[in-house]
Amino acid sequence: MSTTVNDAVLVGEDHETKKRDHRWWALAVLGLAQLMVVLDATIVNIALPSAQASLGFSNADRQWVVTAYALSFGGLLLLGGKLADLVGRRRTFVIGLIGFALSSAVGGASTSFAMLVSARAAQGAFGALLAPAALSLLTTAFTDVSERAKAFAIYGAIAGAGAAVGLLLGGALTEYLSWRYTLYVNIVFAIVTTFGAFTFLRDQERTPRHRLDLAGTATAVGGLVALVYGFSEADTSGWTSPVTLGLLVGAVVLLGLFSFIEKRAASPLLPLRVILDRNRGGANLAILLVGVSMFGVFLFLTYYLQLTLGYSPIKTGLAFLPMVGAIMVSSTVGGTQLLPRFGPRPLVSGGMLVSAVGMVLMAQISTTSGYVDHVLPSLIVTGLGMGLIFSAAMNVATAGASAADAGVASALPNVAQQIGGALGPALLNTIATNAALGYRPTSPMSPAEIQQAAAVHGDVTAFTVVYIVLFASAVVTAFVLRGGRYDAQPGPMHIG
């Protein structure tokens, strides 16, 4: 009898161990999918000149290769999160993966500009299904406090470092193979991840009794598309152009109408309880503000490395690796050791301050600066700060949401990052361009030297704005986020 009981206990323990092992394999699958989506926002950027030469499209049209992806991805994220709740998260995740892979294959095989832009728009649409489904699967898979902290530390590191990895991978593929492989590479990611999804992911409970909020969906998609498009148009046409102003005003009107509809909808697309919690709202705000800063840094530092220091695409990508390493180290330590002990406020606000110091260092560059003495220290310090922010914000942004809201709650960090990624380059590019145009040399220079000095002056001005934004964000998030120990349990959050 006792032998039978002991055998049963051993079998139970073995089953529990396998479940835990499966969770970590699930994290690997979901992390790979997140990496694919995040790096795709930057991997194509480095390949754009080669793609433009191959397909023969104009400089005016070039932005649409990036904008088409951003518009569909940012505009459809909330809908993607809701669909994950309605039809099942693993099912939505796999559909998103397969669609993303097929769209990437079409994009890589493009024979015309229209074909490439259409494929990029389709990539964004399927990414909007994939990203919130992945984060909600992670949220529901890890319920133990310590395991959840480790899982989100790793996931936050991927989210923070993915854009820089995209620059490196894009540079390598473009330089050694072809620009087309910056799209084809997604097929490999998707095949591996789809196999892992069927092997290690369990589908979550659906909420089919809830109907889709059509009015909320229409206003949310329209408002988000207008917002992202407005920021993109500001980058190319200026903030005072009629198109830019019309889009941004339209976005405000549509998103205001969306908020009005959601308060009265029986089954809202975005239940307001998801964002009215101080910690969840503050975490999403932090992700948006970091998105503004981070994507601006990638843009202007890429210009500086290539145009001023003369780096090749692959060398530019390698130059960002120390920042990737710093993000991974601080995200892991912050998520596993610091967040449970101190809560999100000191990590997010402190991370903003550390990143701001890194940007203060970056703003000291000149036409004669070197990588090792000026750029490298700044990248490491900035990366350490961003790792702290992402490890805490990604965890807190989804914590405490009910199972029925997990999908839409998981869409919000992606929405915030996407809006920040659209706003940052648009705002900073305008500031940097105006600063460069207004540059006046203080000593005799040749025309070529003046042009280079003006470009660096624009970069420095952009970095200065970034550190001001980060210092201000540290203050704002310190007031919004709750203090005290953090215990991320399923259901309502426990902050003591």
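The values are calculated or read from the model by the stated rules, or taken from the named source; none is laboratory data. Bear in mind that the values here come from a model prediction, so they are computed numbers and not experimental data. Neighbour counts are summed over all protein chains in view; Cβ atoms, including those assigned to glycine, are modelled from backbone coordinates with ideal geometry.
Numbers at a glance
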item: Condition check for GLY343: within 30 Å of ALA454 (Cβ to Cβ), crowded, with 18+ Cβ neighbours inside 10 Å and of a type in the set (Gly, Ala, Ser); result: no
item: Long-range neighbours under 6 Å by Cβ, at least six apart or interchain, first residue buried (at least 23 other Cβ atoms within 10 Å of the Cβ) within the range 218-232, second not in a helix (DSSP H, G or I); result: ALA220/LEU269
item: Residue check, LYS315 over 30 Å from VAL396 (Cβ atoms) and charged (D, E, K, R); result: yes
item: Per-region count, the range 233-254, residues of a type in the set (Gly, Ala, Ser), free of Cβ contacts under 8 Å to residues at least 40 places away in the same chain and surrounded by 15 or more Cβ atoms within 10 Å (Cβ to Cβ); result: 2
item: Sole exception among (1) under 22 Å from THR398 (Cβ atoms); (2) among the basic types (Lys, Arg); (3) assigned to a loop (DSSP other than H, G, I, E, B) for ARG211, by number; result: (1)
item: Criterion violated by ALA47 - all others in (1) farther than 25 Å from LEU168 by Cα; (2) at pLDDT below 85 satisfied; result: (1)
item: Exclusive hit being farther than 30 Å from ALA47 by Cβ and modelled with pLDDT under 90, set ALA218, ALA157; result: ALA218
item: Residues (buried (at least 21 other Cβ atoms within 10 Å of the Cβ) and more than 24 Å from ARG202 (Cα to Cα)) located in the range 69-109; result: TYR69, ALA70, LEU71, SER72, PHE73, GLY74, GLY75, LEU76, SER103, SER104, GLY107
item: Options THR199, THR240: the member that is more than 21 Å from ALA411 (Cα to Cα), among the polar types (S, T, N, Q), modelled with pLDDT under 90 and assigned to a helix (DSSP H, G or I); result: THR199
item: Selection status of ASN414, touching an Asp or Glu at 6+ places or on another chain (Cβ under 8 Å), touching a residue at least 40 places away in the same chain (Cβ under 8 Å), part of a helix (DSSP H, G or I) and crowded, with 16+ Cβ neighbours inside 10 Å; result: no
item: Residue match in the range 67-78 (condition: aliphatic (A, V, I, L, M), farther than 25 Å from PRO271 by Cβ and modelled with pLDDT of 85 or more); result: no
item: Breaking point among (1) over 30 Å from GLU233 (Cα atoms); (2) at pLDDT below 85, for TYR371; result: (2)
item: Given (1) out of contact with any Leu (no Cβ under 6 Å at 6 or more places or on another chain); (2) in contact (Cβ under 8 Å) with a residue 40 or more places away in the chain, index of the condition VAL165 fails; result: (1)
item: Some residue of the range 331-349 being of a type in the set (Gly, Ala, Ser) and at pLDDT 90 or above; result: yes
item: Residues (buried (at least 16 other Cβ atoms within 10 Å of the Cβ), more than 19 Å from GLY296 (Cβ to Cβ) and touching a residue at least 12 places away in the same chain (Cβ under 8 Å)) located in the range 41-61; result: ALA47, SER50, ALA51, LEU55, PHE57
item: Number of positions in the range 288-299 that are within 13 Å of ALA432 (Cβ to Cβ) and either in contact with a strand residue (DSSP E or B) (Cβ under 7 Å, 6 or more places away or on another chain) or crowded, with 24+ Cβ neighbours inside 10 Å (or both); result: 2
item: Considering residues of the range 383-401 that are out of contact with any Lys or Arg (no Cβ under 6 Å at 6 or more places or on another chain) and either among the hydroxyl-bearing types (Ser, Thr, Tyr) or not in a helix (DSSP H, G or I) (or both) only, the residue surrounded by the most Cβ atoms within 10 Å (Cβ to Cβ); result: SER391
item: Answer residue from the range 275-287, given it is of a type in the set (A, V, I, L, M) and in contact with a Gly (Cβ under 9 Å, 6 or more places away or on another chain) and is surrounded by the most Cβ atoms within 10 Å (Cβ to Cβ) among those; result: ALA286
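Yes/no matrix, rows are residues, columns are (1) farther than 29 Å from VAL396 by Cβ; (2) surrounded by fewer than 24 Cβ atoms within 10 Å (Cβ to Cβ); (3) modelled with pLDDT under 80:
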{"residue": "SER146", "(1), (2), (3)": "no, yes, yes"}
{"residue": "ARG180", "(1), (2), (3)": "yes, yes, no"}
{"residue": "ALA190", "(1), (2), (3)": "yes, no, no"}
{"residue": "THR194", "(1), (2), (3)": "yes, yes, no"}
